[in-house]
Amino acid sequence: MEWDSDSDGGGGDEEEEEVEVGGAVPGFSLAIEGVLGSCGMVVSDALEPDFPIIYVNRGFEEATGYRAEEVLGRNCRFLQCRGPFAQRRHPLVDATVVSEIRRCIDNGTDFRGDLLNFRKDGSPLMNRLHLTPIYGDDETITHYMGIQFFTKANVELGPLPGPIIKEPVKSARFALDSSFQPMSMGPGQSNLCRDYSSIFQLTDEVLCQSILSKLSPRDIASVSSVCRRLYHLTRNEDLWRMVCQNAWGSETTQALETVPAARRLGWGRLARELTTLEAVAWRKLTVGGAVEPSRCNFSACAVGNRVVLFGGEGVNMQPMNDTFVLDLNASNPEWRHINVSSAPPGRWGHTLSCLNGSWLVVFGGCGRQGLLNDVFMLDLDAKHPTWREIPGVAPPVPRSWHSSCTLDGTKLVVSGGCADSGVLLSDTYLLDVTMDRPVWREVPASWKPPSRLGHSMSVYGGRKILMFGGLAKSGPLRLRSSDVFTMDLSEEEPCWRCLTGSGMPGAGNPAGSGPPPRLDHVAVSLPGGRILIFGGSVAGLHSASQLYILDPTEEKPTWRILNVPGRPPRFAWGHSTCVVGGTKAIVLGGQTGEEWMLTEIHELSLASNSV
Ligand SMILES: Cc1cc2nc3c(=O)[nH]c(=O)nc-3n(C[C@H](O)[C@H](O)[C@H](O)COP(=O)(O)O)c2cc1C
């Protein structure tokens, strides 16, 4: 079986997706436009009365608005009722289709067809449903698997009437379920021929490319335990690559592809380890070469498997402008000074970011003449690497100790920092560095998080940014913060939302397990959107080495502590730490907090074998 895994559309294309499964089975053709997000998947226990749901995937939760814990144990027919309080099937749901489903399940055969369903908020959905029996070793149907392709339904229904008595979902569920007769399966009915399963008549290639590849890594892990064929299919590396690309985006998967150790591990194992974080560990490495003259307050960033260091503060606050590279692919990695033409003015407190695989972008910082707001770019892979100034129109005010990240492989995002005379800033600017005449654009927002410096900015879910911590203005004071703010830059009118924190109105409380307030910390974005926080300047007796993890994509994001074996660095600063190849964070000069020993580095490996 040979696949062109690059031809897969990736997660971002799914809205306009067309799924074609024609040809493998006569008459089996599925062409769906406007599929909402990834497809839903449900597994029901066929050995229990009324086929209770034992598993739903994230795609199901997102498309229907019901969370797994609200639906596990129920029969899937509640989707035919409009909203969680409706007690019977909606009259627009085609009763003949429902009877056909019942007939197929009674006979232990496959069902495929379209029927009207409803989201939890009452909005109608068209559901292209595939039901397939799954057999145990003794030819008994043990489970039913449902794959749902939800699309918008063009049905005008008006607003959902509220419940007459506001019941908790649990009792509404009881009322709902009890209005249906439990369905039992006779012994004869369950021993039905495997050949009826038309999903299983699909070739391995079609099943993998058109159905399994649309699921998340967790779903694939669940599906693999359903039956032997699915187990074998889910061993396939090409399938796992597609699944990883859908879940993490093509930029991340391409970055991972450049890491030899990640390639050795394989996509399936990598997906598991980066999902469960079971292999995370600290390691200490000694590397050769030297970064001279010695300095602090430089900025580091990763270009593939190379760590690049630019500028910094030398003795007597001397601003530096030299560039060093540490190639971690080398058998004996060592710091090398690289000869580059047209170096930018020296600086410290700036940011260094990587765009598009090999471009380095420097912004702002404090130079000999004071604060800066210039942008310089360098293609590290060019034959003769040369720094080039990007003359952005309408730049933000000069600043240092701001935060930056990159978006879409084309844009630099700059937020906050410290302006002249110590004023803290709260603005967010975007610059598309690929444009001929780039223009800085301030992200307009009716409300902004309090101004700050030393915070972190991470990107998740494609175009969402997450701000954490920093030294923030709080009335007349400046306090360390542990607040989390997010903004979705793909929205027409992006706005800041407070996700969790202690001091913000409307914010969730981090409930004790959240990271203590800090600035100059490290924020690492994991594939799939989770953010790891550690290090920085923390008040009191708290250890800066403790790792905290947050999934901003959860409905109620909650901080968790991540206990990691190995010896962590005692100090870690955001500007001197970078993520290499998506699988490890390299902390430079974290020994004493004062002496910057750049030949002793700490590595936080996110996956095993990622050396
Ligand atoms: C695994 C599985 C998934 C199902 N998914 C859906 C669904 O997404 N939407 C729906 O309306 N019915 C779905 N059904 C069908 C209903 O659960 C139920 O079998 C159908 O309504 C016929 O039974 P009834 O007449 O007792 O309601 C699913 C059934 C199974 C076994």
Under 10 Å, Cβ to Cβ, from Ala290 - net charge with Lys/Arg +1 and Asp/Glu -1:
-1
Can you give me the % of accessible surface on segment 40-152 that is carbon or sulfur? Probe 1.4 Å, all protein chains present, nothing else counted.
50 percent
Going through Lys383/Lys411; Lys411/Lys473; Lys152/Lys448; Lys464/Lys584; Lys120/Lys464; Lys152/Lys584 one by one, the pairs whose alpha carbons sit over 32 Å apart turn out to be Lys152/Lys448; Lys152/Lys584
Quick check: net charge around His337, other residues with Cβ under 12 Å of its Cβ, Lys/Arg +1 and Asp/Glu -1?
-2
Output wanted: per-residue J couplings in Hz (rounded whole) for segment 378-383, from phi through Karplus 6.51 cos²θ - 1.76 cosθ + 1.60, θ = phi - 60°, x for Gly and Pro.
9, 8, 5, 8, 5, 4
Per-residue counts of other Cβ atoms within 10 Å, averaged by peptide: what ranking do you get for 247-254, 141-148, highest first?
141-148, 247-254
At a 1.4 Å probe radius, carbon and sulfur cover how many percent of the accessible area of segment 429-586?
51 percent
Mean Cβ-within-10 Å packing, highest first, puts peptides 561-570, 367-376, 528-537, 329-338 in the order 528-537, 367-376, 561-570, 329-338
Below 14 angstrom from the Cβ of Val375, what's the summed charge of the other residues (Lys, Arg +1; Asp, Glu -1)?
+3
Given a 1.4 angstrom probe, I'd like the percentage of the accessible area of segment 224-375 that is carbon and sulfur, rounded to a whole number.
46 percent
Once you keep just the Cα pairs under 8 angstrom separated by 6 or more residues, what percentage relative contact order results for segment 40-152?
27 percent
Once Ser294 and Asp408 are pulled to full extension, the length gained, defined as 0.36 nm per residue separation minus their Cα-Cα distance, is 37.6 nm
For Arg229 and Glu493, calculate 0.36 nm times their separation in residues minus their Cα-Cα distance, and state this gained length in nm to one decimal.
90.3 nm
Heavy-atom accessible area per residue of segment 40-152, all protein chains kept, 1.4 Å probe, expressed in Å², is 38 Å²
Between Ser331 and Val155, 0.36 nm times their residue separation minus their Cα-Cα distance comes to what?
57.0 nm
Tell me, what is the per residue accessible area of segment 203-276 in Å², probe radius 1.4 Å?
41 Å²
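The values are calculated or read from the model by the stated rules, or taken from the named source; none is laboratory data. Here the structure is a predicted model, which is why all the values come from computation and not from measurement. Every residue, glycine as well, gets a Cβ built from its backbone with ideal geometry; the counts of neighbours run over all protein chains shown. Keep in mind that these areas ignore ligands, DNA and RNA; they rest on the heavy atoms of the full protein, side chains included. Shrake-Rupley method; radii C 1.70, N 1.55, O 1.52, S 1.80 Å.
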